[in-house]
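Quick notes on the structure that follows.
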Amino acid sequence: MNKSQVLIVIILMVLVESGLVKEATAHPCGRTFLSALIELVPCTLSVVPFSTLSPNEQCCTAIKTLGQPCLCVIANGPSIPGVDHTLALQLPGKCSANFPPCN
């Protein structure tokens, strides 16, 4: 992991510990919000504000492995510091995952 990825993981851990993000599995994803986010750490450089980087192979593999239910849980969850929501929503298309839109 590079420094920015470590920082994202630390921020996520702080959010969970502070109670701002609930660690629960009451959704069709089958994973906790935090564990799903950690799976997406390889995507970090593609979703930081003003990024022009395309997602790498590890990111696309994570997107496809998590699947649409987990990605929707994340997309509909709280905002994540240091992540451009618009860029994050474009990842499945950039990875040719072609999931249906989240509700």
Checklist entry - Out of all the residues in the stretch 13-53, which are modelled with pLDDT of 85 or more and touching a Lys or Arg at 6+ places or on another chain (Cβ under 9 Å)? => result Glu39, Ser46
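Rundown of residues vs (1) among the polar types (S, T, N, Q); (2) in a helix (DSSP H, G or I); (3) open to solvent by 30 Å² or more (accessible area, probe 1.4 Å), yes/no style:
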site	(1), (2), (3)
Pro49	no, no, yes
Cys60	no, yes, no
Leu66	no, yes, no
Val83	no, no, yes
Leu89	no, yes, yes
Checklist entry - Considering the stretch 68-81 alone, what residues qualify as being open to solvent by less than 80 Å² (accessible area, probe 1.4 Å) and assigned to a loop (DSSP other than H, G, I, E, B)? => result Gly77, Pro78, Ile80, Pro81
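The values are calculated or read from the model by the stated rules, or taken from the named source; none is laboratory data. In this text the structure is predicted, and so the values were computed from the model without any measurement. FYI the Cβ positions are ideal-geometry reconstructions off the backbone, even for glycines, and counts take in every protein chain you see. The area values use the complete protein model at the heavy-atom level, side chains included, leaving out ligands, DNA and RNA. Shrake-Rupley method; radii C 1.70, N 1.55, O 1.52, S 1.80 Å.
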